[in-house]
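The values are calculated or read from the model by the stated rules, or taken from the named source; none is laboratory data. Since this is a predicted model, take the numbers as computed values, not measurements. Here the Cβ positions follow ideal geometry from the backbone for every residue, glycine too, while neighbour counts run over all protein chains shown. All accessible areas refer to the heavy atoms of the entire protein, side chains included, with ligands and DNA or RNA removed. Shrake-Rupley method; radii C 1.70, N 1.55, O 1.52, S 1.80 Å.
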Amino acid sequence: MCVTINDPDRRSTFFWIRPQDDWIQDHRVRLDRLQQVWPSEVIETAPMVYEWSPDRRH
């Protein structure tokens, strides 16, 4: 996987990373935990697409 970092005021760079084979499953487990702890903070706007809720308390 190639990750690119763009900073308009500085230089841009990219680097290659090799995530673990189970990184997607790990991400989903963490997201499920987040939704259990703060169910009104995160909303699903499309299948597997999440955003902060507009009603989120800061």
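Here the chain is assigned +1 on the Cβ of each Lys and Arg and -1 on the Cβ of each Asp and Glu. Its dipole about the Cα centre then comes out at about 180 debye.
Pick the calculated semi-axes √(5λ) of the Cα gyration tensor in Å for this structure from (1) 28, 19, 9; (2) 19, 18, 9; (3) 16, 13, 11? Read-out taken from this structure: (1). In the chain, the calculated helix contribution to ellipticity at 222 nm averages -8500 deg cm²/dmol per residue, counting -39,500 (n - 2.57) for every DSSP H run with n ≥ 4.
How much accessible area per residue does the chain have, counting only protein heavy atoms and a probe of 1.4 Å, in square angstrom? Can you show the working numbers first?
On the way: 5760 Å² over 58 residues.
Value for the chain: 99 Å² per residue.
Heavy-atom surface analysis with a 1.4 Å probe gives the chain a carbon and sulfur content of 52 percent of its accessible area.
Rounded to the nearest Hz, the phi-derived 3J(HN,Hα) couplings of the stretch 36-51 under the Karplus curve 6.51 cos²θ - 1.76 cosθ + 1.60 (θ = phi - 60°) are 6, 7, 10, x, 8, 7, 10, 10, 9, 8, 7, x, 6, 10, 10, 9, where x marks glycine and proline.
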